[in-house]
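Undergrad: Mind looking over this structure? Questions follow.
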């Protein structure tokens, strides 16, 4: 058990109670906050992960995220609801690390928390990443599936590399465009759709039902975390 | 639709003239005015008569539409010629002036009725737009309210299903209790929505029987209790409070909504006070908390659908609207006391005697 500290920020007392009960059961140390102000006041407690609902009675959740980022790089997982895609993307763009959509199951939440903790621990990506029969060797710039080499264009390789470096976390369209194509192409999401479809055709056994590169509708993509 | 059928009385009025009555009305008004004008004929110039008729045509066009105002124009020209052009009481051979007058009347009739129709259409479109807006606000509010208990239920259930944790007995019990109480909350929300649609349809029929107010209060506190764990609830009922004819289920719902509202807005650990007092022909129930209070500008409209004092969008604002509907169906009244001061205090009164048939609102409910 990690015993990591989790700050859960949600305006609904019932959700706070459920989060506290379940996360404590998993050995985490939990503090809860019902308002943005309380959340900011809890920062000196030095949480390892913040779960942040965007809908708060006082400060906007986005404002809270910005204020947290001014003083800390603690991973922030946004708790959102369907239909809030715009705000979700904004939250990720101001530096939140991931999001989870209500109503969520505990397995999903725990998996997100583990990924966030792993990334925060600064675990650099191993030189070789293996996910099922897919193998990516960053040192040799070599991608193979079931032993067969897959030929990727330089851009396809860059996209894949960025996704794998953030395995398990959501990567927004903007983040990918900025990273691979540069700041002047931030709005050209059609690039991404084209390259993703090419990449999936090369990597995925069933490109229509991808198991490596998952779509986060309206937000971006997520490389399934290798187990 | 022909404007004459719509009656052109503006969207807020329900009076609608059928085509025939609108034409009859115009004929009657023209007859009455002409009769009146004939009496004072020696003192009138033809120009004055023409202006008065023009006014009638103008009003007919605005209120009744194009067809009736054209009838008014024709009648006006004929009457002016017959009764007010020398020699009186004869038709003078049509002069170019008459044709010109008729054209002017027709022009006024046409443009005015057209403008009125356009205005009415714009007003109708505005109403439609507002209805649409309300619907989408309702949808997003309801989905937020439904999602919150769903989230707690799913979290607790999936936690219990996990095989890699051995939950301690008290935690397991707490999680199960959470599932139970949140399911009850969901069911209450659905009940609220049903009540709301009944209130809106005017189909609310309270089953009023004499009850101890204390009993209703106790039941509501029990039902809302699980969500008020973080608060202390005090109940103070005057022993002289008479029995009140009320629908137990509905009144319980009112109190739960008020308690729920208090629980959401008051800081954890604070006290929520319920006070019941007889007050003349009424019993007054007050529910107050130590939350931020209701700003004065909101006090009047907080019982409207979707009004909520905080911007965090906690709650739909449906609860208070439902309280108002249910209380009014009992012939009572609900209001905010001491708005603008910290600590919200909601009060409602219920008449002790069944002075009206069930469901008929009683305007004279005293404070």
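Undergrad: Quick one: what do you get for segment B:41-151 if you divide its Cα Rg by 2.2 N^0.38 Å?
TA: Details: Rg = 25.3 Å, N = 111, 2.2 N^0.38 = 13.2 Å.
That works out to 1.92 for segment B:41-151.
Undergrad: Using only Cα atoms, locate the centre of segment A:1-33 and the centre of segment A:132-170, then give the distance between them in Å, rounded to an integer.
TA: 36
Undergrad: Here's a follow-up. Semi-axes of segment B:239-278's equivalent ellipsoid from the Cα gyration tensor, sqrt of 5 times each eigenvalue, largest first, rounded to whole Å? All intermediate terms of the calculation are to be shown ahead of the outcome.
TA: Details: eigenvalues 112, 43, 5 Å².
Each semi-axis is √(5λ); the values are 24, 15, 5 Å.
Undergrad: Let me ask you something else. Just to check, using Stokes-Einstein with a Kirkwood Rh over alpha carbon pairs, what's the diffusion coefficient of segment B:98-217 at 20 °C and 1.002 mPa s in µm²/s?
TA: Numbers: Rh = 20.6 Å.
This corresponds to a translational diffusion coefficient of 104 µm²/s.
Undergrad: Could you work out the relative contact order of chain B? I mean the mean sequence separation of Cα pairs under 8 Å and 6+ apart, divided by the number of residues, in percent. The partial results should precede the final answer.
TA: Details: 556 pairs, mean separation 43.6, N = 367.
Relative contact order, chain B: 12 percent.
Undergrad: Hey, how much of the P(r) for segment A:1-97 falls beyond 22 Å, as a percent of Cα pairs?
TA: On the way: 991 of 4656 pairs.
Tail fraction, whole percent: 21.
Undergrad: Share of Cα-Cα pairs in the protein assembly as shown beyond 36 Å, in percent?
TA: 58
Undergrad: Now, a different point. So what is the relative contact order for segment A:1-153, in percent, with contacts set as C-alpha pairs under 8 Å and at least six apart?
TA: On the way: 239 pairs, mean separation 24.0, N = 153.
Value for segment A:1-153: 16 percent.
Undergrad: Once you average over the residues of B:221-227, how many Cβ atoms of partner chains fall within 10 Å of each Cβ? Walk me through the numbers on the way to the answer.
TA: Numbers: counts 0, 0, 0, 0, 0, 1, 4.
Mean inter-chain Cβ contacts per residue within 10 Å come to 1.
Undergrad: Quick one: which of B:54-62, A:55-63 comes out on top by average Cβ neighbours within 10 Å, and what's the full order, highest first?
TA: B:54-62, A:55-63
Undergrad: How big is the Kirkwood radius of segment A:166-217, worked out from every pair of different alpha carbons and given in Å to one decimal?
TA: Details: mean 1/r = 0.0852 Å⁻¹.
So the Kirkwood estimate lands at 11.7 Å.
Undergrad: For the residues B:121, A:102, what sequence is obtained by ranking on other C-beta atoms within 10 Å, fewest first? Show your work: numbers first, answer last.
TA: Details: B:121 12, A:102 21.
By the 10 Å Cβ count, ascending, the order reads B:121, A:102.
Undergrad: Let me ask another. Per-residue mean of other chain beta-carbon atoms within 10 angstrom of the beta-carbon, peptide B:157-163? Kindly include the intermediate steps, with their values, before the conclusion.
TA: On the way: counts 3, 9, 11, 3, 3, 7, 0.
Partner-chain Cβ atoms within 10 Å, mean over residues of B:157-163: 5.
Undergrad: Kindly provide the pair-distance distribution of chain B built from C-alpha pairs, with 20 Å bins from 0 and whole-percent values in order of increasing distance.
TA: 23, 34, 23, 17, 4, 0
Undergrad: Could I ask something else about it? By DSSP, what percent of the beta bridges with both residues in the protein assembly as shown are antiparallel, rounded to the nearest 5?
TA: Working: 39 of 63 bridges.
In the protein assembly as shown, approximately 60 percent of DSSP beta bridges are antiparallel ones.
Undergrad: Can you tell me, using C-alpha contacts under 8 Å and at least 6 residues apart, the relative contact order of segment B:3-127 as a whole percent? Please list the in-between numbers first.
TA: Details: 154 pairs, mean separation 39.7, N = 125.
With pairs under 8 Å counted, the relative contact order is 32 percent.
Undergrad: In addition: What does the structure give for A:101-111 when I average, per residue, the other chain Cβ atoms found within 10 Å of the residue Cβ? Display every interim value, and only then the final one.
TA: Details: counts 2, 8, 12, 4, 7, 10, 5, 2, 3, 5, 0.
That average works out to 5.
Undergrad: Where does segment A:110-227 land on Rg(C-alpha)/(2.2 N^0.38 Å)? The partial results should precede the final answer.
TA: On the way: Rg = 13.8 Å, N = 118, 2.2 N^0.38 = 13.5 Å.
Against the compact-globule rule of thumb, the ratio is 1.02.
Undergrad: Further question: Please quote Rg/Rh for segment B:209-363 to two decimal places, taking the Kirkwood radius as Rh and restricting both calculations to Cα atoms.
TA: Values: Rg = 14.6 Å, Rh = 15.5 Å.
With Rh from the inverse mean 1/r over Cα pairs, Rg/Rh is 0.94.
Undergrad: How would you rank A:132-140, A:201-209, highest first, on the average number of other Cβ atoms within 10 Å across their residues? Show your work: numbers first, answer last.
TA: Values: A:132-140: 14.7, A:201-209: 12.6.
Top to bottom by mean Cβ count within 10 Å: A:132-140, A:201-209.
Undergrad: Based on DSSP H runs of at least 4 residues, each adding -39500 (n - 2.57), what is the mean residue ellipticity at 222 nm of the protein assembly as shown after dividing by all its residues, to the nearest 500 deg cm²/dmol?
TA: -16500 deg cm²/dmol
Undergrad: Further question: Can you report the principal axis dimensions of chain A using only the alpha carbons, biggest first, rounded to whole angstrom?
TA: For chain A, the Cα extents along the three principal axes come out at 52, 39, 30 Å.
Readers should treat all values here as calculations from the given coordinates under stated rules, not as data from a laboratory. Note that the structure is predicted; figures quoted are calculated from it, not measured. Glycine also receives a Cβ, built like all others from the backbone with ideal geometry; neighbour counts cover every protein chain displayed.
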